[in-house]
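Student: Pasting a structure here, questions to come.
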Amino acid sequence: MIVWVNGSFGSGKTTLVDTLRRSRPDALVLDPEMVGMLLRQIVEVRTGDFQDLPLWRRQVADLAVGLVGEYHRPVLVPMTLVDSGYVEEIFGALKEAGIPVHHFFLKVPREVLERRIDGRSFYPDAPDKDEDVRRWCKGRIDACLAAVDTLPGDTVFLDGESTPEELAVQVLARIGGTPA
């Protein structure tokens, strides 16, 4: 099983996955951003967004399928994925492989997202780079908020202003499990 935790940058995806992992220590965590960072070291990403690379989308789906198939454990995926074509491509590959996908989207108001992004430090030793990342994340908020209407019909929307523990209880109730 794949548990994909989606939402805008700053919505709490990684925090929720970390909380879920305490309740499901058997679960593996796949962060597709790591795949993107690796590809960024190898090839040019002309758009600036590694999700635009068809290879990234294939590798993320293949890696998720491989992890489930090889280790027979749930895979938790914290990743913003809001382009409907990319969602269809990746989730389609997972479903074609016969892997159940539980898709959760954390809904958070714009002002809360902006405040959370402003409070994060990505590169403490490089303030200019830090600000570039914040600007990039904030520049994606509109697309993330608009995506709510285009996500698959079985997407479960969660209130991203709830505590991680409250959210984990809701996710575990859907996928089968008990909170730690």
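The values are calculated or read from the model by the stated rules, or taken from the named source; none is laboratory data. This is a predicted model, so every value here is computed, not measured. In this analysis, Cβ positions are derived from the backbone assuming ideal geometry, glycine residues included, and neighbour counts consider all displayed protein chains. All accessible areas refer to the heavy atoms of the entire protein, side chains included, with ligands and DNA or RNA removed. Shrake-Rupley method; radii C 1.70, N 1.55, O 1.52, S 1.80 Å.
Student: Just want to confirm a number: the relative contact order over region 31-103, from Cα pairs under 8 angstrom separated by 6+ residues, in percent.
Tutor: RCO, region 31-103: 32 percent.
Student: Rounded to the nearest 500 deg cm²/dmol, what is the calculated helix-only ellipticity per residue at 222 nm for the chain, with -39500 (n - 2.57) per DSSP H run of length n ≥ 4?
Tutor: It comes out at -16000 deg cm²/dmol, rounded to the nearest 500.
Student: Here is a follow-up. With the chain treated as a Gaussian network of Cα nodes joined by springs under 10 Å, which of P109, P127, P54 yields the largest mean-square fluctuation?
Tutor: Sorting by GNM fluctuation, first place goes to P127.
Student: Count charges around V82 for me, please; just the other residues with Cβ under 14 Å from its Cβ, Lys/Arg as +1, Asp/Glu as -1.
Tutor: Here the charged neighbours net out to -3.
Student: Right, here's the next one. Would you mind working out the magnitude of the charge dipole of region 121-161 relative to its Cα centre, with +1 at each Lys and Arg C-beta and -1 at each Asp and Glu C-beta, to the nearest 20 Debye?
Tutor: 140
Student: With +1 on each Lys and Arg Cβ and -1 on each Asp and Glu Cβ, how big is the dipole of region 1-143 about its Cα centre, in debye rounded to the nearest 20?
Tutor: Approximately 440 debye in magnitude.
Student: Testing the spin-label approximation: label points 7 Å from Cα along Cα→Cβ at V29 and R73. State their distance in nm.
Tutor: 1.3
Student: Work through the residues other than T155 whose Cβ is under 11 Å from its Cβ and net out their charges, Lys, Arg +1 and Asp, Glu -1.
Tutor: -1
Student: Can you work out the base-10 log of I(q)/I(0) for region 78-180 at q = 0.15, 0.20 1/Å, using the Debye formula on its C-alpha atoms alone?
Tutor: -0.79, -1.14
Student: Would you tally the net charge around Y71, using a Cβ to Cβ cut-off of less than 15 Å, leaving Y71 out, and scoring K and R as +1, D and E as -1?
Tutor: Cβ neighbours under 15 Å give a net charge of 0.
Student: Just to be sure I understand: with springs between alpha-carbon atoms less than 10 Å apart, which residue in R24, R57, R40 has the highest mean-square fluctuation in the Gaussian network model of the chain?
Tutor: Its mean-square fluctuation being the largest, the pick is R40.
Student: Could you pull out every residue, at least 5 positions away or on a different chain, whose amide H is within less than 5 Å of the one on V29? Hs are placed 1.01 Å off N in the peptide plane, and Pro or chain starts have none.
Tutor: L76
Student: Beta carbons within 10 angstrom, averaged per residue: use that to sort the peptides 11-22, 149-160, 41-52, 133-144, highest first. Before the final figure, lay out each step's value.
Tutor: On the way: 11-22: 21.0, 149-160: 14.2, 41-52: 11.8, 133-144: 15.8.
Packing proxy ranking, top to bottom: 11-22, 133-144, 149-160, 41-52.
Student: List, in order, the whole-Hz ³J(HN,Hα) value for each residue of region 3-12 obtained from phi through the Karplus relation with A = 6.51, B = -1.76, C = 1.60 and θ = phi - 60°; use x for Gly and Pro.
Tutor: Rounded to whole hertz, the list is 10, 9, 9, 10, x, 5, 4, x, 7, x.
Student: For region 62-152, what's the relative contact order in percent, using C-alpha pairs closer than 8 Å and at least 6 residues apart?
Tutor: 30
Student: In region 41-180, carbon and sulfur make up what percent of the accessible area (probe 1.4 Å)? List each step's numbers first, then the result.
Tutor: Details: 3940 of 7890 Å².
With neighbouring chains kept in place, the figure for region 41-180 is 50 percent.
Student: Please list, in chain and number order, the residues 5+ apart from V156 or on another chain whose amide H is under 5 Å from its amide H, with Hs placed from the backbone.
Tutor: Amide H neighbours of V156, under 5 Å, 5+ apart: H103, F104, F105.
Student: I'd like to check one number: the per residue accessible area of the chain, probe 1.4 Å, reported in Å² as a whole number. Walk me through the intermediate numbers first.
Tutor: Working: 9440 Å² over 180 residues.
About 52 Å² of surface per residue is accessible.
Student: Give the relative contact order (percent, whole number) for the chain; include only Cα pairs under 8 Å separated by 6+ residues.
Tutor: Dividing the mean separation by the residue count of the chain yields 36 percent.
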